[in-house]
1. For Thr167, tell me the accessible area in Å² from a 1.4 Å probe, rounded to the nearest 10.
2. Around Ile127, with a cut-off of 11 angstrom between Cβ atoms, what is the net charge of the other residues, counting Lys and Arg +1 and Asp and Glu -1?
3. Heavy-atom accessible area per residue, region 129-179, 1.4 Å probe: how many Å²?
4. In Å³ and rounded to a whole number, note down the convex hull volume per residue for the Cα atoms of region 79-160.
5. Quickly work out the Lys175-to-Arg240 label distance, labels modelled 7 Å from Cα along the C-beta direction, and quote it in nm with one decimal.
6. Just the number, please: carbon plus sulfur as a percent of the accessible area of region 107-226, 1.4 Å probe, no ligands or DNA/RNA counted.
7. Give a quick list of trypsin sites (Lys or Arg not before Pro) in region 133-236 that DSSP marks as loop, anything other than H, G, I, E or B, with at most 12 other Cβ atoms within 10 Å.
8. Using a 1.4 Å probe, what is the accessible area per residue for region 51-102, in Å²?
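The values are calculated or read from the model by the stated rules, or taken from the named source; none is laboratory data. Because the structure is predicted, anything quoted here is derived from the model rather than measured. Here Cβ is always computed from backbone atoms with ideal geometry, including for glycine, and neighbour counts include all displayed protein chains. In case anyone asks, the SASA skips ligands and DNA or RNA and just uses the protein heavy atoms, side chains included. Shrake-Rupley method; radii C 1.70, N 1.55, O 1.52, S 1.80 Å.
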Amino acid sequence: MTLDLHDVLGGYWSILPGGLESVLDTASNLDLAAAIPRGSQSRALRPQHYGKSAIIAVRGPITQRSTWVTEILGGSSLSSLTLQVREALNDRDVENIVLDIHSPGGSVYGLQEFGETLYKARSVKPIVAVANSLAASAAYFIASQAHEVISQPSADVGSVGVVMAHTDWSKFNAKHGRKVTYITAGQYKAEGNSDEPLSDEALAHFKARVNEYYDSFVQAVARGRGTTRANVIDRFGKGRVFGAKAALAAGMVDRIDTLDNVVERLQSRKAASRKSPASQRHAIAHTPGVNRARAEIRRLLLH
């Protein structure tokens, strides 16, 4: 059994071109029956704990749910990431969440909803995203919803954009005597199929859909980073990735540091706060009224 390329080509992706090519190449050559043992299921991932920090790994191509992409390419599913965030929020021993990100991005499906979950979650507990060492496209979308975005010195960050791939097999089919007939109901039901060239009307339609996803991407990044849509469009790379220094200069990240240093600093900060006058501010932040508000936010996130 090989994978139907329509599973990949039929969707919209916020991913580096090289990442999409990797998915396409794997899809076109993959024998799923041999690659995935019968009855195989993605293992339930849980946050890793270091002191009072819950570290959640965001790895590889990102999809809405666990699929062959997560099984074979070591990707991340938004459904699993959502469960891990909720677990960390509900864990009384966890004081902050660290997103350990190394991903070229992925599908746009479910991305906006997960971004909303993260943005609300940061009202309950601090969330720090670390590009370790790639946070591109959908992965940067996720990072931008954190309190703080940090880039490792060698990291690449950005690729704010959306892409859709269409492959025209019509000449290949003609050369090999293969003719495909689509029998449809609905004027546009077979629009964008890979057995004929993409019409101008279809191109305009798909470009409009790509623009819709791009607009929501830009809006989410602007909100998460506390800036304007115009600034994101003009200064956040226009689809390109930046190195750490360029990303910092553009305001895409808050500082440059390593994951180890970030986690150690979070532990030190908490220890210091318990010994200093700043602990009084911590106590004020946990008065009954504030606690009730946080409990309500937590209830909405966990249900």
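1. Counting only protein heavy atoms, the figure is 50 Å².
2. +2
3. Counting only protein heavy atoms, the per-residue value for region 129-179 is 40 Å².
4. In region 79-160, the Cα convex hull volume per residue is 80 Å³.
5. My value for the distance between the label points is 3.5 nm.
6. For region 107-226, the apolar C and S fraction of the accessible surface comes to 52 percent.
7. In loop regions of region 133-236 (DSSP not H, G, I, E or B), the sparsely surrounded trypsin sites (Lys or Arg not before Pro) are Arg178, Lys179, Lys189.
8. Dividing the accessible area of region 51-102 by its residue count gives 38 Å².
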